[in-house]
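What follows draws every value from the coordinates through simple rules; no lab data is involved. Just so it is clear, the structure is predicted and the values come from calculations on it, not from any experiment. Cβ sites come from the backbone with ideal geometry, for glycine too, and all protein chains shown count toward neighbours.
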Amino acid sequence: MFSKRMVTGKMIFIYPGSFDPITNGHLDIINRAVKLCDKLIVAVGTNISKKPAFSVEERIELIKASIGENDKIEVTSFSGLLVDFAKKHNSHIIIKGLRAVSDFEYEFQMALLNKNLDSGLETLFMMTSVNYSFLSSSVVKEIAINGGDIEGLVPDRIKDRIMEKLFVRKNV
Ligand code: PNS
């Protein structure tokens, strides 16, 4: 079952998400996961229950700017099913970050659905670092839209771009 995917002999992990926008929590998972594989593909996907603030191209750009140069990491997008994307890239490992119990039910459902669609696919969960357990793209957007300080929540290199996009100065 793994034969085609193991042909390269390389361990390829896929880290999928909305990344709307990438946060320091995501970056922490990327930096830790890349140490465990030969290649990490960060894949910007569509979550049909979310209306993104950033376009797919903007999200990819922000991720690339956050990561900097790293030959082991590829940043791309996908449409359609994650299982098909994984197959196309000869990967059988999905990496997801887990923050709190509140994440568990949704992630558990996704992992089981993906396993049901492709029994050769494994989802590995990485616990968030404690500093980022409260952090999400949604809270970053909420703070930025209201002109708050997002220092420490997103990579320094992209902080200004996020503020420029989201903070509409009110003339009051
Ligand atoms: O960061 P998110 O919003 O939790 O990311 C969710 C994402 C994009 C990884 C997920 O919605 C996804 O995999 N979408 C593609 C469609 C799919 O394969 N869904 C799972 C089976 S129903």
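Tabulated results
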read-out: Amide hydrogen neighbours beyond the local backbone of Glu74, cut-off 5 Å, H modeled; value: Leu40, Ile41, Val42
read-out: Asn90-Asp71 pseudo-label distance in nm [points 7 Å out on the Cα-to-Cβ vector]; value: 1.7 nm
read-out: About the Cα centre, charge dipole magnitude for the chain (Lys/Arg +1, Asp/Glu -1 at Cβ), debye; value: 280 debye
read-out: In order through the stretch 59-73: 3J(HN,Hα) via Karplus (6.51 cos²θ - 1.76 cosθ + 1.60), integer Hz, x for Gly, Pro; value: 5, 4, 4, 5, 5, 4, 5, 6, 7, x, 6, 7, 4, 7, 10
read-out: Positive-pole candidate from Leu124, Ser91, Tyr106, dipole of the stretch 50-131, charges at beta carbon; value: Tyr106
read-out: Cut-off under 5 Å, modelled amide H: who pairs with Leu98 long-range; value: Met126, Met127, Thr128
read-out: Eligible lysines near Lys10 by straight Cα distance, threshold 29 Å, same-chain separation 8 or greater; value: Lys35, Lys39, Lys64, Lys72, Lys87, Lys88, Lys96, Lys115
read-out: Difference of contour (0.36 nm per residue) and Cα-Cα distance, Ser102 to Ser129; value: 8.1 nm
read-out: Shape of the stretch 16-135, Cα gyration tensor, a/c cut at 1.5; value: rounded
read-out: Qualifying chymotrypsin sites (Phe, Trp or Tyr not before Pro) for the stretch 1-102 [loop in DSSP, other Cβ within 10 Å: at most 15]; value: Phe2
read-out: Cα-centred dipole magnitude for the stretch 1-103, charges only on beta-carbon of K, R (+1) and D, E (-1), debye, nearest 20; value: 420 debye
